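Novice: Sharing a structure with you now.
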Amino acid sequence: MEGVVVLARSAWGILLLKLIAILGLYLVATLVVGYAEHKVLAHMQARLGPMYAGRFHGWAQLIADGLKFLQKEDVIPRAADKWVFSLAPVMVVVPGIMLYAVIPWGKGLAGFSSDVSLFYALAISAISVVGVLMAGWASANKFSLIGALRSAAQLIAYELPLVLAAAAVALQAGSASLEGIVEAQRLPFILAGQELGFFIFLMASMAELSRTPLDMPIADSEIIAGAYTEYTGMRYVLFLLAEYAGMFGLAALGAVLFLGGWRGPGFPGVLWTLVKAGALTFIMIWFRATYPRIREDQLQKMAWAWLVPLSLANLMGTAAFKLLF
Amino acid sequence: MRGREVTEGTIQRLPGGPGEGVEVVLRGDLATEEMVLNIGPQHPSTHGVLRVVITLDGERIVEAEPVIGYMHRGFEKLAEVRDYHQIIVLVNRHDWLSAFCNEIGVAMAVERLMGLEVPERAQWLRVLLAEWNRVLNHLVFIGSFGLELGAMTPIFYAFREREVIQEFFEMATGGRLHVHFNRVGGLKEDLPKGFMKKSEQALRLVRSRLADYEDLLLGSEIFQARTRGIGVIPPELAKEYGVTGPILQASGVPEDARKTSPYLVYEKLEFDVPVGKTGDAWERFWVLLERVRQSLRIIEQVHEGLPSGPVRARVPKTIKAPEGEIYVRTENPLGQLGYYLVSRGGQQPWRLKMRTASFSNVSILPAILKGALIPDLVAIMGSIFFVVGDVDR
Amino acid sequence: MGLAPDELAARLQDRFGEAVLGWEENFGEAVVRVLPGALREVATFLKETPDLAFDFFDFATAVDREEAGFELVVEIASLSLGHRLRLKALLPREDPRAPSLTPVWAGANWHERETAEMFGITFEGHPNLAKLLLPEEFEGHPLRKDFVLMAREAKPWPGAKEPGGHE
């Protein structure tokens, strides 16, 4: 027994505990966000959503779905490139988990802290583009190819506003580390001059996640499921994981950057972070229920002609403000 | 796959690339890679089994050919070996969203050939149920058009309204979709007690909910960006192809069989025909909403003016249409439905041609899809309101 | 309200003389019988003459008249002026041919394709007379009277006889 405690307190033990906690958070977030999406969409659409799995309002629906996917046949199309096909979901999921590692969930409760954790977080989120391209190309399917190309174009276009909006926050906080940014928010930045930045960040996040109204790459009424069409079973689950957990991850990032992270009266910091991230997730789901899809070229126009100039202006405005006051 | 001959250029199959089936047609000096894509017959956004073979240059459509007939059931041949009572059952099923309206045309054709006078009450009730059927039909397309463009919510609201209406349809006719309520000479029987009350409640409900569709779809900037100026159909082209209904009205032609060759009691009722200006997808949707409004207006007038009396004329036990021919046109929700009936005096028709609205509406697709982008393909096809059973019969 | 049926018929008779075989009024609509060979010219005349202005193509089909042949029926209208017309042309049973009206109204395309596959009529000048509703391998012309309805051929029908006499 003592051996376990010594192990737990040692550097290796703490690392192990952190990894388990982050992975656990990632998976639980997926379950909760997935369930929330079912229920929130349902109630907004005058229906009930899952009601049976787990007896009480279908809380176990996602778990049941996961088990279902686990026992599905592993299908790789004959003409597909086996290795690339199998590796693509991994390329999309792993960066998401790595993002969770760096977010300060509470005071001193970041998985890994660093002076440049914001930079790290943004860089990590960009890697998943490669995964989507791999999926589309290796699938040997015209629809997948179209979807992958649309995805690549969209994700690259919206990286810029995302990064610039985050950069403005870093500038205002005077630090590129996520803990430092939370520390600097006596008043949450959304109320302290970063309203525009918040809006841009929200739009860009939804584009990064391919959420409606910016979900052209997986427009299911047009090209079935875009780059993910040929994926079944556990591989498909990995893509779903990436979407739902990614939603929560980017929402948490947004909460840290703009809503004050773990700051808040009364309750423990972790709770505040989760609540704020949850609120942003709810808003993303709400967007999906309400709006039709923007066409790909209109989407590109929105990014390059609107969001990029706006985010540049935001950055310069923040810089000017910092210099003068 | 049905033959599609490439007449110019040489076909090469390039190695590598995603899988088989990428035909590269080299025209002239520039090797332009044109991709031939099949939309359907199973595809989430074609209403049923319609297949469109499109030739793409990048994301632009160079050529589009609809391939139909997947749902051909041989109605016209069947009609030649069925009597008129059975034919009424049959015609419920080609445009299954407007079952009652389909029946009216056939019943009227036989009645006119026989010189039968249909009682007043039957005619008013036919108008009432036909207009509710029109509302039912339009609600489906209001919902599904949004769905195709990515708006997932309006379709649920539309089907919620449909439930309310289908409930009293079931009360009266026993059927929610296929009603089989018309007979030669009038209706099968009178309406049950409580029907008019439900009809009035539904009228208020649907009226109040129309504003939701306007906010969520018509007024939404994203919806407008996706549909304004898309799929413009010039009126001359529409008339040449025999396009009718909301599509023709959106192109600026005020043609409505209820006004231009009135039948039943439409002459006594006040309603407008919505007419668009440009004929783009947005206006087709707008016309749809307006037609629902006008239908509700008609229903209100029927509620007030419904006379009493019998609901069916006296007809012989076996109905035989006398020798002759007739062409009857009615304004179905999707457009003009025509029945060309040739009779040789027997219990069955010698020939029954069903001139369905969707057949002509879909035939215009090749002409307007040329030059469109793939995402616009869905917007355009969604705005050409058709039912595959109507196209194929 | 446009021209009355007798006026429409008179205009056609004036212009085409012998090619117009006769006319009648059917429930308020003009029905004019013409020679098959004259169909294209009649159609062009009807479309392009300003005070006739037949801009709307309603439908085209055929009726099997047994020994007499196939009666081609074309329904057109003028939405701007408000009159309608039904054109009929009798085609011989062996080798029924008629000129295609697709060059005049683009909408005739699909209607003629359907009539061609259902009755075996050849429309000369049609851009692409491939099968429309029937599968490519289908043999025969279903709407001809000598084509038996298949449903009861495959399996004996235990119920009552159909009104058409088929089992």
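What follows draws every value from the coordinates through simple rules; no lab data is involved. Because the structure is a prediction, the values reported are computed rather than measured. Cβ coordinates were reconstructed from backbone atoms using ideal geometry, including for glycine residues, and neighbour counts include every protein chain displayed.
Novice: Given points 7 Å out from each Cα along the Cα-Cβ axis, report the A:Leu70 to B:Glu167 separation in nanometres with one decimal.
Specialist: Taking the simple label geometry, A:Leu70 and B:Glu167 are separated by 4.3 nm.
Novice: Give the shape of the range B:79-135 as rounded, prolate or oblate, defined through the alpha-carbon gyration tensor: a ≥ b ≥ c are the square roots of its eigenvalues, a/c under 1.5 means rounded, and otherwise the shape is prolate if a/b is larger than b/c and oblate if not.
Specialist: Oblate, since a/c reaches 1.5 and b/c is not below a/b.
Novice: If contacts are Cα pairs under 8 angstrom and at least 6 residues apart, what is the relative contact order of chain C in percent?
Specialist: It rounds to 17 percent for chain C.
Novice: Separate question: Please state the charge dipole magnitude for the range B:103-229, taken about the Cα centre, from unit charges on C-beta atoms (+1 on K and R, -1 on D and E), reported in debye and rounded to the nearest 20.
Specialist: 100 debye
Novice: Which percent, nearest 5, of DSSP beta bridges in the protein assembly as shown are antiparallel?
Specialist: On the way: 58 of 65 bridges.
Of the beta bridges lying entirely in the protein assembly as shown, close to 90 percent run antiparallel.
Novice: Quick one: what Rg and Dmax do you get for the protein assembly as shown from the alpha carbons, in Å?
Specialist: Rg then Dmax for the protein assembly as shown, in Å: 32.4, 116.
Novice: Name the long-range amide H neighbours of C:Leu79: under 5 Å, sequence gap of 5 or more, or other chain; modelled H, no Pro or chain starts.
Specialist: So C:Leu79 has HN proximity to C:Asp55, C:Phe56.
Novice: I've got another one for you. For the range B:173-242, state which trypsin sites (Lys or Arg not before Pro) are in a DSSP loop and have at most 11 other beta carbons lying within 10 Å of their beta carbon. Provide the component values of the computation, followed by the final result.
Specialist: Details: sites: B:Arg176, B:Arg183, B:Lys188, B:Lys193, B:Lys197, B:Lys198, B:Arg204, B:Arg207, B:Arg209, B:Arg226, B:Arg228, B:Lys239; in loops: B:Arg176, B:Lys188, B:Lys193, B:Arg228.
Counting only loop positions with at most 11 other Cβ atoms within 10 Å, the trypsin sites (Lys or Arg not before Pro) in the range B:173-242 are B:Lys193.
Novice: If you don't mind, another one. Restricting to bridges with both residues inside the range C:1-150, how much of the DSSP beta-bridge set is antiparallel, in percent to the nearest 5? All intermediate terms of the calculation are to be shown ahead of the outcome.
Specialist: Working: 22 of 29 bridges.
The answer is about 75 percent antiparallel.
Novice: Using only atoms on other chains, find how many Cβ atoms lie within 10 Å of each Cβ of peptide C:129-135 and report the average.
Specialist: On the way: counts 0, 4, 2, 9, 11, 3, 4.
Shielding by partners across C:129-135 averages 5.
Novice: Ok, one more. Evaluate peptide A:118-131: per residue, the Cβ atoms of other protein chains within 10 Å of its Cβ; return the mean as an integer.
Specialist: On the way: counts 0, 0, 0, 0, 0, 0, 0, 0, 0, 0, 0, 0, 0, 0.
Mean inter-chain Cβ contacts per residue within 10 Å come to 0.
Novice: Go through B:Lys198/B:Lys320; B:Lys353/C:Lys145; A:Lys276/A:Lys322; B:Lys188/B:Lys320 and tell me which ones have a Cα-Cα distance over 25 Å in this structure.
Specialist: On the way: B:Lys198/B:Lys320 37 Å; B:Lys353/C:Lys145 15 Å; A:Lys276/A:Lys322 27 Å; B:Lys188/B:Lys320 18 Å.
Too far apart for the 25 Å limit: B:Lys198/B:Lys320; A:Lys276/A:Lys322.
Novice: Give the order of A:Trp59, A:Trp105, A:Trp83 when sorted by the count of other beta carbons within 10 angstrom, beginning with the fewest. Don't jump to the answer; show the numbers that get you there.
Specialist: On the way: A:Trp59 16, A:Trp105 23, A:Trp83 10.
With the sparsest Cβ surroundings first, the list reads A:Trp83, A:Trp59, A:Trp105.
Novice: Between the range B:185-227 and the range B:310-367, how many Å separate their Cα centres?
Specialist: What the calculation gives is 28 Å, centre to centre.
Novice: Tell me, what ³J(HN,Hα) does each residue in the range B:122-139 have, in order and in whole Hz, if you take phi through Karplus 6.51 cos²θ - 1.76 cosθ + 1.60 with θ = phi - 60° and put x for Gly and Pro?
Specialist: My calculation for the range B:122-139 gives 4, 5, 5, 5, 4, 4, 4, 5, 5, 5, 5, 5, 5, 4, 4, 4, 5, 4 Hz in order.
Novice: Counting pairs of alpha carbon atoms under 8 Å apart in space and at least six apart in sequence, what relative contact order in percent does chain A give?
Specialist: Working: 482 pairs, mean separation 73.1, N = 325.
Computed value for chain A: 23 percent relative contact order.
Novice: Please identify the trypsin sites (Lys or Arg not before Pro) of the range B:268-337 that satisfy two criteria: DSSP loop assignment and at most 12 other Cβ atoms within 10 Å. Which are they? Working shown, then result.
Specialist: Details: sites: B:Lys268, B:Lys277, B:Arg284, B:Arg291, B:Arg293, B:Arg297, B:Arg312, B:Arg314, B:Lys317, B:Lys320, B:Arg329; in loops: B:Lys277, B:Arg314, B:Lys317, B:Lys320.
Within the range B:268-337, the qualifying trypsin sites (Lys or Arg not before Pro) (loop, at most 12 other Cβ atoms within 10 Å) are B:Lys277, B:Arg314, B:Lys317.
Novice: Oh, and also: Shielding by partners for B:249-262, please: the mean number of other protein chain Cβ atoms within 10 Å of each residue's Cβ.
Specialist: On the way: counts 0, 0, 0, 0, 4, 1, 5, 0, 0, 0, 0, 5, 4, 0.
Across the residues of B:249-262, the mean count of other-chain Cβ atoms within 10 Å is 1.
Novice: For Cα pairs less than 8 Å apart in space and 6+ apart in sequence, what is the mean separation divided by the residue count of the range A:180-325, i.e. the relative contact order in percent? Don't skip to the answer; put the middle values down first.
Specialist: Working: 122 pairs, mean separation 45.3, N = 146.
Reported as a whole number, the value is 31 percent.
Novice: Can you give the extra length, in nm with one decimal, that the chain gains between A:Phe325 and A:Ala305 once fully stretched, where that is 0.36 nm per residue apart less the Cα-Cα distance? Intermediate values should be presented prior to the final figure.
Specialist: Working: separation 20, 0.36 × 20 = 7.20 nm, distance 3.06 nm.
In short, 4.1 nm is gained.
Novice: Same structure again: Longest segment of chain A with no trypsin sites (Lys or Arg not before Pro) in a DSSP loop having at most 16 other Cβ atoms within 10 Å? Present the calculation step by step, with values, prior to reporting the outcome.
Specialist: Values: sites that count: A:Arg47, A:Arg55, A:Lys72, A:Arg78, A:Lys107, A:Arg186.
Here the longest segment lacking exposed loop sites spans A:187-325.
Novice: To continue, here is another question. Rounded, prolate or oblate: which one fits the range B:267-393, using the alpha carbon gyration tensor with axes a ≥ b ≥ c (rounded when a/c is under 1.5, else prolate when a/b beats b/c, else oblate)? Show your work: numbers first, answer last.
Specialist: Details: a/c = 3.35, a/b = 1.40, b/c = 2.39.
It is oblate, given that a/c is not under 1.5 and a/b is not larger than b/c.
Novice: Would you give the gap between the C-alpha center of the range B:52-100 and the C-alpha center of the range C:23-68, rounded to a whole Å?
Specialist: 25 Å
Novice: Per residue of the range A:147-158, what does 6.51 cos²θ - 1.76 cosθ + 1.60 with θ = phi - 60° give for ³J(HN,Hα)? Whole Hz please, x for Gly and Pro, Karplus curve as stated.
Specialist: Karplus values, whole Hz, x for Gly and Pro: x, 5, 5, 4, 4, 4, 4, 5, 5, 5, 4, 8.
Novice: What are the residues whose amide H is under 5 Å from the amide H of B:Gly186, where those residues sit 5 or more places off or on another chain and H is modelled from the backbone?
Specialist: So B:Gly186 has HN proximity to B:Ala313.
Novice: What are the ³J(HN,Hα) couplings of the range A:170-185, residue after residue, when phi is run through the Karplus curve with 6.51, -1.76, 1.60 and θ = phi - 60°? Round to Hz, x for glycine and proline.
Specialist: Karplus values, whole Hz, x for Gly and Pro: 4, 4, 5, 7, x, 7, 9, 9, 4, 5, x, 5, 5, 4, 6, 9.
Novice: Now a separate question. Estimate the FRET efficiency between A:Leu48 and B:Arg209 by the formula 1/(1 + (r/R0)^6), using the beta-carbon distance for r and 22 Å for R0, to the nearest 0.05. Please report the intermediate quantities before stating the final value.
Specialist: Values: r = 20 Å, r/R0 = 0.90.
Efficiency for this residue pair is about 0.65.
Novice: Can you sort A:Met247, C:Met118, A:Met51 so the residue with the fewest Cβ neighbours within 10 Å comes first?
Specialist: On the way: A:Met247 27, C:Met118 24, A:Met51 14.
Final ranking by Cβ density, sparse to dense: A:Met51, C:Met118, A:Met247.
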